[in-house]
1. Based on the Cβ-Cβ distance of residue 222 and residue 101, what FRET efficiency does E = 1/(1 + (r/R0)^6) give at R0 = 35 Å, to the nearest 0.05?
2. Report the extension gain between residue 213 and residue 267 in nm, rounded to one decimal, defined as 0.36 nm multiplied by the number of residues separating them, less their alpha carbon distance.
3. Note the full-extension length gain between residue 21 and residue 188 as 0.36 nm times their separation in residues minus their Cα-Cα distance, in nm to one decimal.
4. If I take every Cα pair under 8 Å that is 6 or more residues apart in region 1-99, average their sequence separation and divide by the length, what percent do I get for the relative contact order?
5. So for each of 10-17, 135-142, 207-214 I average, over its residues, the number of other beta carbons within 10 Å; can you give me the resulting order with the highest mean first?
6. Mind giving me the FRET efficiency for residue 130 and residue 88? R0 is 41 Å, r the Cβ-Cβ distance, nearest 0.05 is fine.
7. Sort out for me the Cα centre separation of region 204-221 from region 93-139, rounded to whole Å.
8. For each cysteine in the chain, check whether another cysteine's C-beta sits under 4.7 Å from its C-beta; list those where none does.
Amino acid sequence: MKTLANHVILYDANCPMCHLYTGAFVKTKMLDKHGRVPYQQLPEQLCPYVDMKRAINEIALVNVNTGKVTYGVQSLLKVIGNAVPFLNPLFSFKPFVWIMSKAYALVSYNRKVIVPAKAAPNELMPSFKLHYRLLYLIISWLVVAYVLTDYAKLISPVVPLGGSYREYFICGGQILFQGLVCLCYKPTKAWDYLGNMMTISLAGSLLLLPIIWIGAIFNFSNNTYIILFLATAGLMFLEHLRRCSLLSLGLLLSASWMVYRMAVLGFIVY
């Protein structure tokens, strides 16, 4: 792959996702070995060129020769387009760029709740955009409910099968219930908590997908599906505890998370 020389990409050192993909750019020689720097350690010679407020929200790519800076998805497309030139016509297609810019913004403004890390002292945080957080919650809710609706068929009749929209109501109800608990407990962290909670639910539902596919091949029994579901729920609970610890939220929200799920299960079964 062709290396984009004389360019430096500025990433968030406290963002595991950013660290991973910018590291991949360097390892695959899309950028040279000095082609990425945390924006927390912005070189002095680059300071005059970079809009720091924007760089925190949209990853910046700086041409060290000219001082020209691109931001967000344009930075990523420039790196990839230089390495894989035949993609450049697609990267110049305005509808594609618009869609990718919105997808990038959705991930970037929610990156701290998708793959969180312990906050560093005086950390420069991305701006909070309510519409992107709501969109993330809605997408996660729909995906989770869709997967669970399919999975519910596999554990029936041990767990009674409900209507087509039961899982949508259950998942949506948990967002409202946990949101209310968090608003009463730590209102300033409600949106961060809900984002983390739905990431856990989304990850859990994605773990169920290979179980569904493999189970269809090997004809799993109801009990096997139930055991694997409980194992997945256990992993989700451990991750919930970890994320609440990162947010300094204690055990209350993990307890209410479990209470809601047990109450719903009791209602369904009995």
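1. On the way: r = 45 Å, r/R0 = 1.30.
Efficiency, rounded to the nearest 0.05: 0.15.
2. Details: separation 54, 0.36 × 54 = 19.44 nm, distance 2.85 nm.
Full extension of this stretch gives 16.6 nm more.
3. Working: separation 167, 0.36 × 167 = 60.12 nm, distance 3.06 nm.
Full extension from residue 21 to residue 188 adds 57.1 nm.
4. Values: 137 pairs, mean separation 30.0, N = 99.
This gives 30 percent for region 1-99.
5. Numbers: 10-17: 20.2, 135-142: 17.6, 207-214: 14.0.
Top of the packing list down: 10-17, 135-142, 207-214.
6. Values: r = 35 Å, r/R0 = 0.85.
About 0.70, to the nearest 0.05.
7. A separation of 30 Å, based on Cα centres.
8. That list is 47, 171, 182, 184, 244.
FYI, it's all coordinate maths here, none of it is from the lab. What you see is a predicted model; the values in this text were computed from it and never measured. Because the Cβ atoms are built from the backbone with ideal geometry, glycine has one as well, and the counts that use them run over all protein chains shown.
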